[in-house]
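Below is one structure; the comments refer to it alone.
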């Protein structure tokens with residue numbers, strides 16, 4: 001087969017223009033590898049006049065990307081518009097419904113509507129691919145769906161959001177506080193003007209739910225991800241963690257827990273020797289544990305035009321080669337529903353940070369609450385603070401069930417010794 | 001398609017029995033993912049009576065595995081016999097020639113005869129797969145052949161031999177010397193009774209030549225790999241390197257250098273901050289740099305029955321799904337011949353270790369040879385040795401062309417100040 005694979009690009013933002021540049025620059029190599037050319041035939045975006053730094057004159061311009069779903073001369077629609085609903089969803093439904101392949105980098109779309117879209121795809125025989133939706137350039141969906149296909153996988157976790165990892169590792173590098181680092185990251189384009197999706201953990205949760213479904217054979221359950229972002233992490237937490245031998249990273253963690261699905265995105269403490277503790281900046285990394293493979297780790301650039309384009313075009317090459325299977329490693333109808341796991345019985349070490357009144361008896365009050373709830377303290381730091389009448393107490397517990405931590409905090413709730421909500425971070429237990 | 005994929009296993013050593021166990025244990029999961037059962041129908045090995053800890057009574061026994069190539073009820077032959085020639089090669093040729101798929105974990109076979117076998121496979125339309133031949137459980141061939149397919153890759157390198165990495169990291173951990181660690185590794189099964197293929201770098205060179213071909217689109221050139229093992233690495237080298245901020249690892253490194261092919265397996269120094277410097281024990285890791293993806297890293301168990309079986313059965317799942325393309329990412333006939341690159345102009349920092357007579361003027365002699373060859377010294381350690389009349393001098397140079405190092409060593413050749421061949425190790429420049 002030497003006819004070109006004909007691609008329509010919906011969306012010409014950073015990723016879309018990256019895809020145009022990649023296909024132009026690596027055109028011949030891609031044709032050699034794919035066995036046929038991969039050609040952009042049409043493009044669409046909101047603003048035709050904007051200078052995107054790439055020559056679009058060779059491609060048909062469509063004012064309405066919805067037309068791609070019905071166009072006779074298009075084999076694949078690349079949805080690079082973004083947003084979990086609205087035009088992206090409509091285009092995805094229509095393209096797949098019309099039997100066209102859909103390639104997307106849109107994690108929100110897949111996390112919310114992936115099963116519906118996979119159902120449509122299976123009904124019409126149209127491939128649905130979204131390697132770029134998780135961990136940028138890293139071929140982790142392919143690696144797990146195909147490379148680890150022989151394994152029962154019961155645990156997958158990783159650093160899934162480059163913005164959060166950049167912010168946390170920058171805070172670690174120079175001791176600055178969250179707000180300051182975030183502003184600096186926005187100024188250089190490492191964080192969005194509206195960073196909520198990233199820093200509140202939503203983006204990582206989208207990706208985690210996709211990984212969990214693909215690894216465990218369970219139905220996508222984005223709503224079941226317990227999600228907390230990094231906005232409450234302070235410079236002091238990073239310093240205390242470091243003093244105790246840990247770094248702080250936003251970790252997405254999913255596990256099958258006696259057949260129930262546990263999914264959590266939280267800032268966590270990692271021992272310095274953990275492979276993910278060395279992942280700095282905007283890099284992403286994913287670990288999966290298979291019952292035969294053992295621990296597999298995939299690492300690379302999690303975002304950016306080039307890396308994301310690399311993953312989008314890898315999907316196009318798979319399509320051109322005719323090597324495409326089920327989006328979630330098996331038919332969507334074969335995925336099993338999974339109850340959300342309880343967390344109270346989960347055990348591990350926990351980091352607690354209390355902001356307290358600097359007065360007699362506070363430490364005794366906290367220690368008593370811990371003791372009464374059966375929480376044993378491994379180490380405790382009360383750093384001297386410059387001025388003020390408040391103090392910080394940072395604690396790392398011995399291994400303990402999460403329900404005990406909850407009990408200890410309930411005992412302390414309402415105490416006028418506490419000047420703020422305690423900060424709780426789990427220590428990665430893997 | 002719900003008919004089983006019918007597999008014959010040739011070879012029932014560690015890997016073969018691992019494949020049997022995996023397919024038994026994960027049978028249902030594999031069928032769900034592959035869309036059809038994967039079934040072993042026949043097995044063959046030298047000694048039928050040996051207890052392998054798995055029940056083989058459900059499979060047809062073949063005294064002569066050569067019969068698999070013609071058997072009507074076999075779709076795939078798994079060659080797990082080993083050896084670059086002899087029965088493994090004969091079986092591979094016959095099976096592919098008869099149009100049967102071939103899955104192998106045999107890196108020596110592929111490094112020596114991969115192109116011939118790919119040619120046969122392309123002629124008969126039979127798939128040839130060998131994910132398990134490189135880096136055990138890590139789906140790195142798939143990740144590069146498919147996941148990075150959109151990229152021009154000009155550099156691929158990594159830790160490709162678990163035995164060497166185990167020995168080097170054990171030497172590092174407790175200061176023991178090579179022979180002692182190797183004996184201990186043999187006693188616990190981490191090194192073969194005849195360890196030559198591993199410790200002399202041949203095994204890593206097999207894997208590197210496969211990676212280079214697949215990444216660069218060049219013809220396999222195992223003979224072109226400049227190979228040196230770890231037998232000359234001493235405890236003192238590791239200590240000196242550490243004092244200077246480096247660790248020592250056996251690195252396979254391949255690069256397209258102005259269209260010419262550079263392939264080298266050498267013990268190298270890695271800065272402590274390099275991601276590969278933290279890879280300890282029998283773990284493998286591969287880094288590839290794509291022009292859009294940036295740096296991708298794949299890490300996991302490089303050997304062992306379970307991890308290798310995981311990769312073998314991943315190939316079987318690809319076959320069952322019908323998702324198989326060209327073994328080297330493009331037709332073997334499309335791979336380009338590549339001249340072997342010269343190395344004299346390559347530049348980087350270099351570690352040199354001299355064993356010298358402990359007498360006046362030796363240091364001056366070495367320093368003069370360096371100066372005359374244009375080699376500038378960044379740091380030098382002359383550790384005090386316990387007793388004897390010899391001394392060690394360890395040097396790390398500034399960035400320098402390799403030809404200058406050769407010149408310096410030529411100047412020193414034959415000097416009666418040197419009591420042994422100098423040890424030269426490059427510092428990884430990536």
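Among the residues of the stretch A:297-340, just one is within 8 Å of chain B (Cβ to nearest Cβ), part of a loop (DSSP other than H, G, I, E, B) and more than 28 Å from residue A:6 (Cβ to Cβ), namely A:330.
Scan the stretch A:186-218 for residues that are touching a helix residue (DSSP H, G or I) at 6+ places or on another chain (Cβ under 7 Å), surrounded by fewer than 21 Cβ atoms within 10 Å (Cβ to Cβ) and more than 14 Å from chain B (Cβ to nearest Cβ) and the total you get is 4.
In the set (1) more than 24 Å from residue A:269 (Cα to Cα); (2) in a helix (DSSP H, G or I); (3) touching a strand residue (DSSP E or B) at 6+ places or on another chain (Cβ under 9 Å), the condition left unmet by residue A:172 is number (1).
In this entry, residue B:224 passes the filter for residues that are away from chain A (no Cβ under 14 Å) and over 20 Å from residue B:302 (Cβ atoms). Would you mind stating whether residue A:261 is more than 14 Å from chain B (Cβ to nearest Cβ), under 30 Å from residue A:146 (Cβ atoms) and crowded, with 24+ Cβ neighbours inside 10 Å? No: the conditions fail for residue A:261.
Of the residues contained in the stretch A:275-283, none is found to be closer than 21 Å to residue A:112 by Cβ and surrounded by 24 or more Cβ atoms within 10 Å (Cβ to Cβ).
Screening the stretch B:189-258 for helices (runs of 4 or more DSSP H) wholly inside it with 3 or more residues that are farther than 17 Å from residue B:286 by Cα returns the ranges B:196-199, B:235-243. Applying the set (1) within 12 Å of chain A (Cβ to nearest Cβ); (2) under 29 Å from the mean Cα position of the chain (by Cα) to residue B:52 leaves exactly one unmet item: (1). If you check B:95, B:62 for being more than 29 Å from residue B:195 (Cα to Cα) and surrounded by fewer than 24 Cβ atoms within 10 Å (Cβ to Cβ), only one passes: B:62.
As a summary of the residue check, residue B:111 satisfies the conditions (1) within 14 Å of chain A (Cβ to nearest Cβ); (2) within 15 Å of the chain's Cα centre (by Cα) except for the one numbered (1). When the test is whether a residue is more than 14 Å from every other protein chain (Cβ to nearest Cβ) and at positive phi, residue A:344 does not pass it. Evaluated against (1) in contact (Cβ under 8 Å) with a residue 40 or more places away in the chain; (2) within 18 Å of residue B:252 (Cα to Cα), residue B:130 falls short on exactly one condition, (2).
Note on the stretch A:147-169: residues that are part of a loop (DSSP other than H, G, I, E, B) and either within 14 Å of chain B (Cβ to nearest Cβ) or closer than 30 Å to residue B:37 by Cα (or both) total 5. The number of residues in the stretch A:382-400 that are within 30 Å of residue A:156 (Cβ to Cβ) and surrounded by 18 or more Cβ atoms within 10 Å (Cβ to Cβ) comes to 5. Applying the condition of being in contact with a helix residue (DSSP H, G or I) (Cβ under 8 Å, 6 or more places away or on another chain) and not in a helix (DSSP H, G or I) to the stretch B:27-41 and asking which residue is surrounded by the most Cβ atoms within 10 Å (Cβ to Cβ) yields B:38. Residues in the stretch B:42-69 that are part of a loop (DSSP other than H, G, I, E, B), in contact with a helix residue (DSSP H, G or I) (Cβ under 8 Å, 6 or more places away or on another chain) and within 20 Å of residue B:88 (Cα to Cα): B:45, B:62. Within the stretch B:75-110, the residues that satisfy the criterion of being in a helix (DSSP H, G or I) and touching a strand residue (DSSP E or B) at 6+ places or on another chain (Cβ under 6 Å) are B:88, B:91, B:92, B:95, B:96.
Every condition in (1) closer than 22 Å to residue B:398 by Cα; (2) modelled with pLDDT of 95 or more; (3) facing chain A (nearest Cβ under 10 Å) holds for residue B:273 except the one numbered (2).
Conditions tested, residue by residue: (1) in contact (Cβ under 8 Å) with a residue 60 or more places away in the chain; (2) closer than 30 Å to residue B:294 by Cβ.
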| residue | (1), (2) |
| --- | --- |
| B:362 | no, no |
| B:367 | no, no |
| B:371 | no, no |
| B:375 | no, no |
| B:380 | no, no |
| B:384 | no, no |
| B:408 | no, no |
| B:424 | yes, no |
| B:429 | yes, yes |
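Taken together, A:24, A:72 contain a single residue that is surrounded by fewer than 18 Cβ atoms within 10 Å (Cβ to Cβ), within 12 Å of chain B (Cβ to nearest Cβ), free of Cβ contacts under 8 Å to residues at least 60 places away in the same chain and outside any strand (DSSP E or B), which is A:24. Of all positions in the stretch B:128-141, none carries a residue that is in a helix (DSSP H, G or I), at pLDDT 95 or above, out of contact with any strand residue (DSSP E or B) (no Cβ under 9 Å at 6 or more places or on another chain) and more than 13 Å from every other protein chain (Cβ to nearest Cβ). Listed conditions (1) facing chain A (nearest Cβ under 9 Å); (2) at pLDDT 95 or above are all met by residue B:288, apart from (1). Taking the stretch A:350-371 as the range and being in a helix (DSSP H, G or I) and within 12 Å of residue A:419 (Cα to Cα) as the test, only A:362 passes.
The values are calculated or read from the model by the stated rules, or taken from the named source; none is laboratory data. Not measured: the values here are computed from a predicted model. Counting neighbours? That spans all protein chains shown, and the Cβs are built from the backbone with ideal geometry, glycine included.
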